[in-house]
Amino acid sequence: GMKKNSYGNIEDIVLNVTLVTSKGTYKKLYSNPRISNGPDLNHLVLGSEGNYGIICDATLKIKPLPEVRIFDSILFHSWEKGVEFMHELSKKKIYPTSCRLVDNEQFKFGASLKPATNSRLEKIIDEIKKFYVLKIKGFDVDKLTACTLLFEGSKKEMEALHKDCLETGFKYGGMSGGPENGLRGYLLTFLIAYTRDLALEHNVAGESFELSCPWDCVNELCEKTKNRIHKRATELGFAKERVWTSFRVTQLYETGAAIYVYMILSHKGMDHSKIVHYYEEVEDAARDEVIKNGGSISHHHGVGKIRKGFIDRTLPRMAVDWQKDIKDAIDPKNIFAVNNTIYRSDEERAATQKKF
């Protein structure tokens, strides 16, 4: 997913699967590049979240290792300018292998995780860079945002794509942050999971969720979701300074973007037996706000049980019932999964709905 611009999302790279169900085994008879013989059931399998059976093997597209990997980054004066840049890339179909815009909160968080150095020379160089960015170029440390870039492929094509991408960024007041920051920002994605686990040991509950939305919804959705998270958290007793939120535009499409929402709640001194419930209350409020502002229930994580109560707000009743009908036909005894995404009865649907 991180490199879908070059290699495709999961539905783009899966050619065939073997799905074992309680009624038999599903598998395409041919791995043709395209065939017109009715709906592509691969998509039904990939989106079923385990409800219909178990995938035992899969045939995937592969590509040669890239000739070059080019990292870079661009600093922007504000989140809004960064979003405009990302939108422009999608309109021009300038798609780096990975292109991720982090907001100011996440930028400062990433900077705080930079390894310490005992080198006096490195410290002096860092101070010079900081002076140049803040004093000479006029960036505000509390507003600037950063886009991390990765280009993978043939040398000639990637160098041209890299050049086009930087020139587009400069149109929106951007400044190259260099390959080192690009690599650090790219690796931050992997590091966040470990910082979350470390934070749990220090009375901090944190997690992320993702969504997609049209381009004209990005800014307002992020602003209103942040306000809703802080409002619900303070209503539950969290001090204002103990709530942290951050956003990242993480995937580009012609019609919109994928966004990650990060939220952290520091609960030191609070009743620990209620923290999971509190966290769910805050996340549910955030998801309600996302849907109200044009966001999807998920971009790629899926629905499962936690988001199941929102499914009726994202699909027509008929579509939800279709999923149950397919489940009943393929797995009438409900052997696989444990009701992920699918209501087994109207009573369960009524009891599970998220109400605001």
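The values are calculated or read from the model by the stated rules, or taken from the named source; none is laboratory data. Quick caveat, the model's predicted, so the values are computed rather than measured. Ideal geometry is used to build each Cβ from the backbone, glycine not excepted, and the neighbour counts take in all protein chains shown. Keep in mind that these areas ignore ligands, DNA and RNA; they rest on the heavy atoms of the full protein, side chains included. Shrake-Rupley method; radii C 1.70, N 1.55, O 1.52, S 1.80 Å.
Here are some notes:
- Total residues in region 155-165 satisfying the condition of being closer than 16 Å to residue 85 by Cα and open to solvent by 30 Å² or more (accessible area, probe 1.4 Å): the figure is 4.
- Yes/no for residue 301 being in contact with an Asp or Glu (Cβ under 8 Å, 6 or more places away or on another chain), open to solvent by 20 Å² or more (accessible area, probe 1.4 Å) and closer than 30 Å to residue 243 by Cα: yes
- Residue 306 vs. criteria open to solvent by less than 40 Å² (accessible area, probe 1.4 Å) and without any contact (Cβ under 8 Å) to a residue 60 or more places away in the chain: no
- Within region 254-277, if we keep just the residues that are surrounded by 15 or more Cβ atoms within 10 Å (Cβ to Cβ) and hydroxyl-bearing (Ser, Thr, Tyr), the residue that is farthest from residue 300 (Cα to Cα) turns out to be 266.
- Selected residue (criterion: nearest to residue 334 (Cα to Cα)) from residues of region 15-41 that are open to solvent by less than 70 Å² (accessible area, probe 1.4 Å) and touching a helix residue (DSSP H, G or I) at 6+ places or on another chain (Cβ under 6 Å): 21
- Number of residues in region 289-306 that are touching a Lys or Arg at 6+ places or on another chain (Cβ under 7 Å) and more than 9 Å from residue 211 (Cα to Cα): the value is 3.
- Scanning region 173-218 for residues that are polar (S, T, N, Q) and open to solvent by 60 Å² or more (accessible area, probe 1.4 Å) turns up just one, 181.
- Checked against the criterion of being at pLDDT 95 or above and either among the polar types (S, T, N, Q) or out of contact with any strand residue (DSSP E or B) (no Cβ under 8 Å at 6 or more places or on another chain) (or both), region 192-212 contains one or more residues that satisfy it.
- Of the helices (runs of 4 or more DSSP H) entirely within region 244-356, those holding at least 1 residues that are within 20 Å of residue 50 (Cβ to Cβ) and not hydroxyl-bearing (Ser, Thr, Tyr) occupy 317-330, 346-352.
- The one condition from (1) closer than 15 Å to residue 168 by Cβ; (2) open to solvent by 30 Å² or more (accessible area, probe 1.4 Å); (3) of a type outside the set (Lys, Arg) that residue 60 does not meet is (1).
- Residue in region 321-334 that is of a type in the set (Asp, Glu), open to solvent by less than 30 Å² (accessible area, probe 1.4 Å) and in contact (Cβ under 8 Å) with a residue 12 or more places away in the chain present: yes
- Flag set for residue 152, criterion: within 29 Å of residue 258 (Cβ to Cβ), open to solvent by less than 70 Å² (accessible area, probe 1.4 Å), modelled with pLDDT of 95 or more and in contact with a Lys or Arg (Cβ under 6 Å, 6 or more places away or on another chain).
- Residue 348, sole failed condition from (1) free of Cβ contacts under 8 Å to residues at least 40 places away in the same chain; (2) open to solvent by less than 50 Å² (accessible area, probe 1.4 Å); (3) under 27 Å from residue 203 (Cβ atoms); (4) among the charged types (D, E, K, R): (3)
- Identity of the residue in region 63-98, in a loop (DSSP other than H, G, I, E, B), in contact with a Lys or Arg (Cβ under 8 Å, 6 or more places away or on another chain) and among the hydroxyl-bearing types (Ser, Thr, Tyr), that ends up least open to solvent (accessible area, probe 1.4 Å): 97
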